[in-house]
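Data first, discussion second: the structure below is written as structure tokens.
The values are calculated or read from the model by the stated rules, or taken from the named source; none is laboratory data. Remember, it's a predicted structure, so these values are computed and weren't measured experimentally. Note that we place each Cβ from the backbone using ideal geometry, even for glycine, and neighbour counts take in every protein chain shown. Surface accessibility is based on the protein's heavy atoms, side chains included, excluding ligands, DNA and RNA. Shrake-Rupley method; radii C 1.70, N 1.55, O 1.52, S 1.80 Å.
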Amino acid sequence: MLRPSFASPLLSLPGAVPAEGLDEGVAGHYGDLFREQRALANGTGFVDLSHRGVITVTGDDRLSWLHLLLTQHVSDLPVGQATESLILSANGHIEHALYLVDDGTTVWAHVEPGTQGELIAYLESMKFFYRVEVHDRTEEFAVVHLPAGSIVDIPADTMAREAAHGRDVFLPRDQLAAAADAYGPAIGILAYEALRVEAHRPRLGLETDHRTIPHELGWLGTAVHLEKGCYRGQETVARVHNLGKPPRRLVFLHLDGSEVHLPPHGTPIRRASEGPESRQLGFITTSARHHELGPIALALIKRNVPVDADLLADTTAAAQEVVVEP
């Protein structure tokens, strides 16, 4: 997954500390991680997501065409209704995740940083005779997130998608520097990620690898429509859903708070009773420090691991909560 080559102008705000890894280009925090989390949980502030890719699809056939390609039912998507969807490989593995909304003439979607080029190339290859136009709007528009409960008004001509956890605003990029005055205070991506982990929301590139299928992450409930027509990878979705046995499952972990360092993405998961040299059962996908829960994580483990098994993330003790039923 490519990383963005720009740095957000909001990194010049007082206290801004750059994020690393997948979220390079925006602020990880602005000096007080837990204060920022509490503000976000209470419905105040905004999160700079300007490193994410933005694409639009226009044309009379945009919804019926996307309906053939996406895992979600979008052929009659109401104007202004937010949804999320996936694009799968022929074998049902997750390749792209889109967070989209239609304004009546245009579908707006934001995607993981650096993935928009590959996504657009795929969409262009599937246009055929359909009346659609696909555009990369990343250079023109930036995404900022307003949390659920925010009372901030956005201009009537500014596109936004409203989901359960808040509004994603497609802000003209030249207005990004002024966002702190319009929507403030600015909140770093680490606070946003901690609340995402708490809410068990998966993220492409962190909770996924090259063989992840939607069932493993609980994405069937939000990004996959099980009764719609054919799309690439549908056979795998239907087969695994009917059998009820995805090979792995997402879990939420409470980590030992005495450890100084959080286990990073990819840290092996093993049975605590068998020790740190035992057989690997999975891996940490995202870890975070939460203002109330302490150190927490999401992890992808083998489906048959008992739900009451105590686990180890490398040498860090971890107690699991079920996200995806085994």
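With the radius of gyration and the Kirkwood radius both derived from the Cα set of the range 1-147, what is their ratio Rg to Rh?
1.01
Work out the length of the dipole vector of the range 126-214 about its Cα centre, built from +1 on the beta-carbon of each Lys and Arg and -1 on the beta-carbon of each Asp and Glu, and round it to the nearest 20 debye.
Working: 10 positive and 14 negative charges, 80 e Å.
Dipole of the range 126-214, to the nearest 20 debye: 380 debye.
Can you give the local net charge around R173? Use residues other than it whose beta-carbon is closer than 14 angstrom to its beta-carbon, Lys and Arg +1, Asp and Glu -1.
Values: positive: R52, R137; negative: D48, D136, E139, E140, D174.
So the surrounding residues net to -3.
Mean projection of the alpha-carbon convex hull of the range 140-212 over all orientations, in nm²? Present the calculation step by step, with values, prior to reporting the outcome.
On the way: hull surface 24.5 nm².
Reported value for the Cα convex hull: 6.1 nm².
How compact is the range 67-214 by the rule of thumb for globular proteins, expressed as Cα Rg over 2.2 N^0.38 Å? Working shown, then result.
Values: Rg = 16.0 Å, N = 148, 2.2 N^0.38 = 14.7 Å.
In units of the globular-protein estimate, the range 67-214 measures up at 1.09.
May I ask for the equivalent-ellipsoid semi-axes of the range 73-158, computed as the square root of five times each C-alpha gyration tensor eigenvalue and listed largest first in whole Å?
Details: eigenvalues 120, 50, 41 Å².
Computed over the range 73-158, the values are 25, 16, 14 Å.
Need one number: % antiparallel among DSSP beta bridges in the chain, to the nearest 5.
95 percent
Kindly sort L206, L146 by accessible area of their heavy atoms, largest first, with the probe set to 1.4 Å.
I get L206, L146, largest accessible area first.
How would you order 148-157, 251-260, 291-300, 128-137 from highest to lowest mean count of nearby Cβ atoms within 10 Å?
Details: 148-157: 11.3, 251-260: 16.4, 291-300: 20.3, 128-137: 13.9.
Result, highest mean first: 291-300, 251-260, 128-137, 148-157.
Pick from G205, G59, G282 the residue whose mean-square fluctuation is largest in a GNM of the chain, springs joining Cα atoms under 10 Å.
Checking each option, the largest mean-square fluctuation is seen for G59.
In whole Å, how far is the Cα centre of the range 137-175 from that of the range 4-65?
Here the two parts' Cα centres lie 11 Å apart.
Which residue, L119, F129, I94, has the largest displacement toward the positive end of the dipole of the range 53-136 when charges sit on each Cβ (Lys, Arg +1; Asp, Glu -1)?
Positive-end residue among those listed: F129.
Whenever you get a sec, line up E193, E277 from highest to lowest accessible area (probe 1.4 Å, protein heavy atoms).
From most exposed to least exposed: E277, E193.
For the range 1-160, with all protein chains present and a 1.4 Å probe, just round the carbon and sulfur fraction of the accessible area to a whole percent.
52 percent
Helix-only estimate, please: 222 nm mean residue ellipticity of the chain, summing -39500 (n - 2.57) across DSSP H runs of length 4 or more and dividing by its residues, to the nearest 500.
Numbers: 6 runs with 52 residues, N = 326.
It comes out at -4500 deg cm²/dmol, rounded to the nearest 500.
Do you know the relative contact order of the range 31-90, to the nearest whole percent, from alpha carbon pairs under 8 angstrom that are 6+ apart?
20 percent
Given bins 5 angstrom wide, list per bin the percent of all Cα-Cα distances in the range 1-77, short to long.
Taking every Cα pair in the range 1-77, the percentages come to 3, 13, 17, 15, 11, 11, 13, 11, 5, 1.
Express the accessible area of the chain per residue in Å², computed with a 1.4 Å probe while the remaining protein chains stay in the model.
Per residue, the chain has an accessible area of 44 Å².
Ignoring any ligand, DNA or RNA, what whole percent of the accessible area of the range 199-320 comes from carbon and sulfur when the probe is 1.4 angstrom?
50 percent
Any idea what the relative contact order of the range 247-325 is, in percent, if you count C-alpha pairs under 8 Å spaced at least 6 apart?
Relative contact order comes out at 43 percent.
Per Stokes-Einstein, at 37 °C and 0.692 mPa s, what whole-number D in µm² s⁻¹ belongs to the range 223-326, with the Kirkwood radius over Cα pairs as the hydrodynamic radius?
221 µm²/s
What is the Cα coordinate range of the range 32-100 on the first, second and third principal axes, sorted by size from largest, in whole angstrom?
Extents along the principal axes, in whole Å: 45, 31, 19.
Which lysines, if any, have their Cα less than 30 Å from the Cα of K245, not counting same-chain residues under 8 positions apart?
K228, K302
Given charges of +1 on the Cβ of Lys and Arg and -1 on the Cβ of Asp and Glu, with all other atoms neutral, how large is the dipole of the range 185-326 about its Cα centre, in debye to the nearest 20?
Magnitude of the dipole: close to 620 debye.
Looking at the range 167-261, what % of the alpha carbon pairs are farther apart than 24 Å? Don't skip to the end; give the middle numbers.
Values: 2052 of 4465 pairs.
Result: 46 percent of Cα pairs exceed 24 Å.
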